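Working notes, beginning with the structure itself.
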Amino acid sequence: EAGVVQSPRYKIIEKKQPVAFWCNPISGHNTLYWYLQNLGQGPELLIRYENEEAVDDSQLPKDRFSAERLKGVDSTLKIQPAELGDSAVYLCASSFTADTQYFGPGTRLTVL
Amino acid sequence: QKEVEQNSGPLSVPEGAIASLNCTYSDRGSQSFFWYRQYSGKSPELIMFIYSNGDKEDGRFTAQLNKASQYVSLLIRDSQPSDSATYLCAVITGGGNKLTFGTGTQLKVEL
């Protein structure tokens, strides 16, 4: 069974530019998560989807970040405009049960 | 107080020894506890979960949970150099499905 797929794996952009990350969860997993991980820190939840519905987006900086999960499968996380402090690894995870989450390989974003 | 606390390490153990990784959490209502392993440059990989007080063993790994003390630990027996990684403790908090991570403990297994 394929795991969580993310693309791109690496992205380098200049500040103020937009950027988008894509995630395809494990088949059958209704819950999808986007996390941000800074160096030396644990992942921090940005948003959680149950099917198409964003049920927890309290930590998503809505002035510049947006996310969508059309048809309850794939998801896209967007940043516009990017800032230097957005440089981090963006992780997507999915789960079938309420708790056991499986992570994708992540997208390493560098903002110059 | 952080919701999930871990010593950042590094924790160095000789090959073949037992590595003991510790984690405390603040939400007394937490019910689900996880250990993830993260190699440098890679994403977290689930290695153990535990829901009940006591010990849970899986191969060389043993998770220990003490809800009264709000304490979770991971023991790795017969440590191998391939166990060298950062170990993240994670707890379901907020009475729901939010998984909160600690900052991780870096483990180094030395030859």
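The values are calculated or read from the model by the stated rules, or taken from the named source; none is laboratory data. All values derive from a computational prediction rather than experimental measurement. FYI the Cβ positions are ideal-geometry reconstructions off the backbone, even for glycines, and counts take in every protein chain you see. Each accessible area value is taken on the protein alone, full model and side chains, heavy atoms only, with ligands, DNA and RNA left out. Shrake-Rupley method; radii C 1.70, N 1.55, O 1.52, S 1.80 Å.
Table for the structure above
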| read-out | value |
| --- | --- |
| Cα-centred dipole magnitude for the protein assembly as shown, charges only on beta-carbon of K, R (+1) and D, E (-1), debye, nearest 20 | 380 debye |
| Distant-in-sequence amide H partners of A:Lys15 (H built 1.01 Å from N, under 5 Å) | A:Leu112 |
| The protein assembly as shown, accessible area per residue, ligands and nucleic acids excluded (1.4 Å, Å²) | 49 Å² |
| Rg/Rh ratio calculated on Cα atoms of the protein assembly as shown (Kirkwood radius) | 0.98 |
| Solvent-accessible area of B:Thr24 with every protein chain in place, 1.4 Å probe, in Å² to the nearest 10 | 60 Å² |
| Chain B, relative contact order in percent, only Cα pairs under 8 angstrom and at least six apart counted | 38 percent |
| Most to least packed among A:103-112, B:69-78, B:12-21 [average Cβ atoms within 10 Å] | A:103-112, B:69-78, B:12-21 |
| For the range A:1-93, alpha-carbon Rg and Dmax in angstrom | 12.8, 38 |
| Residue-count net charge about B:Leu88 - beta-carbon cut-off 11 Å; Lys, Arg +1, Asp, Glu -1 | 0 |
| Normalised per residue, the volume of the convex hull around the Cα set of the range B:9-111 (Å³) | 93 Å³ |
| Relative contact order %, chain A, counting alpha carbon pairs below 8 Å whose residues are six or more apart | 37 percent |
| Average partner coverage of A:35-44, which counts Cβ from other chains inside 10 Å | 5 |
| Those residues of the range B:56-98 for which accessible area with every protein chain present is at least 30 Å² below the isolated value (1.4 Å probe) | B:Asn97, B:Lys98 |
